[in-house]
Amino acid sequence: MSTEKETTRSGSNLGTFEGVFTPSILTILGVIMYLRFGWVVGNVGLFKTLIIVTLSTSITFLTSLSIASVSTNAPVGAGGAYYMISRSLGPEIGGAVSIPLYLAQAFSVALYIIGFSESMVSLFPVLDMRVVGVSTTVLLTLLSLFSTKAAIRAQFGILAVILISLLSFYFGSSIEGTQTDLLNTPDIPKIGFWAVFAVFFPAVTGIMTGVNMSGDLKNPSKSIPRGTFAAVGTAYLIYMSIPFFLYYRADTATLIQDNLVMQRIALWGGAILLGVWGATLSSAVGSLLGAPRVLQALVSDKVLPSGLKFLGKSSGKEQIPRAATIVTAIIALVLVMVGDLNMIAPILTMFFLTTYGTLNMTAAIETILKSPSFRPKFKVHWIFPLLGTFGCFAVMFLINPIATSIAIVLIIGIYVLLRRRQLKVTFGDVTQGILQQIVRYSLLRLETKSEDARSWRPNILILAGMPTKRWHLIEFAYGLVQEKGLITVATVFDRDAIPRERLREQEVSISNYLKDKNIKTLVRAIRAKNYFTGARQLVDSYGMGKVIPNTILLGDSDAGKTQADYCKMITQFFKSNRNVIILQEDFKLEYDGKKQIDLWWGGLKGNGALMMIVAHMVQTSPRWHDIHVCVKMMVDSEEAAMNARENIQNILTKIRVDFNHKVIVSEGRSFWDVLVTESQNSTMVMMGLKEPDASFDVYYSDLKEKTKAIKNKLLLLAAEEINFEDILN
C-alpha cells in the first residue's frame, strides 16, 4: 500500500467517539431494528433470527478486522473504503466497487427517511408519506450543508434517546397471548431465510459511516479500528438480546404484521417512537455525511469524468463537499418518492456485501504478499480476511444469484470503462506485487519444463533505436506475435550523450509513446560506447530464466564502414542461438489489391521451416488481410521440377498451411535473375541467410547488391536450438 502522506484539513478534528463510534452505532441501531426486527423474528423464528444476526455480524466483524489492518498500515485519506481499496488494488478496482458503494449510501439516506416517514404516518394517518419524506430529506440536507460538527453533536442527543428507548423496550410487558411457532401457523405467509437475511443485513452495515468520515478524523489509523470494533460489539449484544423479548412477548401474526410492535411491548411506547425518529434521522444524516465524501474522493482521483470535477470541491471552514451533498440528496429524493423499504433494503445488501468482500480481499492480498511496505500496527492472519471475502460473495449468491450476477457484471463494466480511460495516479497499489508473484511462479515452473517445439512462439527483441525512426519494425513484430508472444523494443544510447540518471526517463517516454499507439510491449534502454557494442551486450544479458528473446529483429544496414560491425553483430547473435530477422528499411505490407509473399525455399532444413512458420503467422495475423503466400523454388530441369512440385505439395499438405507453390526451371539463368523476374513486383520476399562465417560480411554485401531490385525483403537466419520442423508437424 502507498505511504502517501495524509492531507491535513482544517476540518480534520474528530475523535474516535464522535467521529467513528457514534455515527456507526447510530446507523447500525436504525430503521431495520425498530421497524423490521419483529418481522424477521415472526418469519423465521427465534433460533434462525439469532443465526441471521450472528452471520451478519460475523461478516461485519471480519470486514472490521480487514479495515483495522489496512487503516493502520498507512495514513487514511478522505473517501474511507474507496481510499483503502484504491490504494491497494488500484483506482480502477477502487472505483468499480466504490461507485456502487456511493449509490448504496445514497440509497441508505432514502431507506432511513422512508422508515421515519412510515412511523410518522402510522402515528398520524392524515399525513402523506411522500410529503413527510421529501420535507425530511430537504431539512437534513440543509443541516449537512450547514455544519458537520452540528450534525455530529446532534447525534449525541439521539444516542441518549435510543438508549432510553431500548431500556423502555427491555422493561416492557408482553402483548396478549403467547408466542406461537411459525411452523404451527400455516395461514401466515412464510418468507425464506435468505430473503429475510437480505432485508436484515443493512442493519449491520453502519461501519461504513464511520470509515467514510476518514478525512475528518484527527487520527484515522487509531480511530477507525477502535470505533468500528466498539460499534460492532455493542450492536451485536443489543441485536442478540432483542429477539428474545420479541419472541416471548408477541405472537407471530403481530410480529409479522405490526411494524411498530416494539412500541406496543415497551414500558413507554413514546420512547420507541422517539428512538425510531432519532435512529432513522441520525442514520440518514450519517449517510448524508459519508456518501458525499466518497463521491468527492472519486472525483479528486479523476475516477469520474472531468466534467464532474465541481463535485470534488469543498466549502467553508469545515471543508464540506456541498455540491456532492446536493447530488446525494437528489438521488435520495427520487427514491423517497418510490417509498418502499423492503425493495430498497435488498439492493443495499448487494452493494454493501460487494464492498465488504472487496475490502476483505484487499486485506487478504496485502497480508499474503507480505510486501515490505505493508506493515500494519493491527496484524491479522490472512485466513480471516479470506474468510470474509468468501463469506460475502457466498451470501450474495445464496440471497439472490441473479441480482449477484447483475451486481458483478455492473462492477466489471465500470472496471473495464475505467481501464480504457487509463487513469493516471500518483499512488501505488499491489498490482505489481501480484504480478510479480505470478511471474515468479511461472518462471520457476518453466525452469522445470523441457523445451517443447510445439509451444514455440517468437519472443522478439527489436533493435529499433527511437521508435519514430523505425516504426515499421515495431508494427511488423506486433502483427507477427498477434499479442500471444513477447516483444521488447530496445534502444541503445550513446553513453556520452545520455547521462545514466536520464536513462529511466527515456524508457518511460518510449513506453508512453507506444501505449498511446496501443502497442503493448516491453521497453529496454541501455547506454554503451556505440550501437553495436550495446546491442551485443543487451542480447547476451537481457531476459530472466528461460524467458529470453529467441528472435532478434533488425533493420537493414547502410553499406559502408559500419557494414563489418553489423555483420559481426549478426554472427554473435547466431552464436548466442538467437534467430535473426532483417527487415528492409522501406518495408510495407499495406498495398491495394492482392498481397503476395514469395517464400524462396530450399527445403525444411535450416531456415526453411522458420520461414514457413513466419509466413504462416503473417498470413493469419488479424493486422493484415488478404495475404497469399507462394513457396517458390528454382531447379535446373523439367524433370527435377516435377519431383519438386510433388514434394512441395506433399509438405504443404502435411504441415496444413494454405500456401501456393511454384517451381521455376532456370533455363540457364542465374538464381538472382530468376529472383528479380519472379518477385520484383511481389508485396514481400522472404529469403534465408547462410550460417555466418569469417567471410559473412562479404557474403552479405554481395547479397544486398544482387537483390537491390527487390524492395521489400525479409531475411531470416534460424539459430535457435529447437527443431522448427516439429512445430510444423
All conditions in (1) under 15 Å from L166 (Cβ atoms); (2) buried (at least 19 other Cβ atoms within 10 Å of the Cβ) are true of V204 except (1)
On the given criteria, is Y248 closer than 25 Å to I164 by Cβ, in the same structural domain as Y112 (by TED's automatic domain parsing) and either at pLDDT below 90 or surrounded by fewer than 21 Cβ atoms within 10 Å (Cβ to Cβ) (or both)? yes
Number of the exception - G357 against (1) closer than 19 Å to F61 by Cβ; (2) without any contact (Cβ under 8 Å) to a residue 24 or more places away in the chain: (2)
Sole miss for L237 among (1) within 12 Å of T57 (Cα to Cα); (2) surrounded by fewer than 24 Cβ atoms within 10 Å (Cβ to Cβ); (3) modelled with pLDDT under 85 is condition (3)
May I ask you to list the residues in segment 213-234 that are surrounded by fewer than 20 Cβ atoms within 10 Å (Cβ to Cβ) and at pLDDT below 85? K218, N219, K222
Could you figure out which of (1) over 36 Å from the mean Cα position of the chain (by Cα); (2) among the aliphatic types (A, V, I, L, M); (3) assigned to a helix (DSSP H, G or I) isn't true of L267? (3)
May I ask you to verify whether P549 is within 24 Å of W456 (Cα to Cα), of a type outside the set (S, T, Y) and part of a loop (DSSP other than H, G, I, E, B)? yes
Can you give me the number of residues within segment 274-319 that are closer than 16 Å to Y34 by Cβ, small (G, A, S) and surrounded by fewer than 24 Cβ atoms within 10 Å (Cβ to Cβ)? 0
Could you grab me the full set of residues in segment 96-105 that are within 14 Å of A291 (Cα to Cα) and buried (at least 24 other Cβ atoms within 10 Å of the Cβ)? V97, S98, L101, Y102, A104, Q105
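In segment 552-577, what count of residues is obtained for those that are in a loop (DSSP other than H, G, I, E, B) and among the polar types (S, T, N, Q)?
4
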Name the residue, out of K704, K654, that is within 30 Å of S576 (Cα to Cα) and among the basic types (K, R). K704
Helices (runs of 4 or more DSSP H) completely within segment 80-193 that count 3 or more residues being modelled with pLDDT of 80 or more and of a type outside the set (D, E, K, R): 91-123, 129-146, 148-170
Give the number of residues within segment 710-729 that are at pLDDT 85 or above and either surrounded by fewer than 16 Cβ atoms within 10 Å (Cβ to Cβ) or polar (S, T, N, Q) (or both). 0
Output the residues belonging to segment 664-707 that are assigned to a strand (DSSP E or B) and either polar (S, T, N, Q) or within 28 Å of F476 (Cα to Cα) (or both). M684, V685, M686, M687, G688
May I ask you to list pairs of residues, at least six apart or on different chains, whose Cβ atoms are under 7 Å apart, with the first in segment 117-146 being in contact (Cβ under 8 Å) with a residue 12 or more places away in the chain and closer than 21 Å to D258 by Cβ and the second being part of a helix (DSSP H, G or I) and among the charged types (D, E, K, R)? M129/E118
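The values are calculated or read from the model by the stated rules, or taken from the named source; none is laboratory data. Just so we're clear, the structure is a prediction, and the values are computed from it rather than from any experiment. Heads up, the Cβs are rebuilt from the backbone with ideal geometry, glycines too, and the neighbour counts pull from every protein chain shown.
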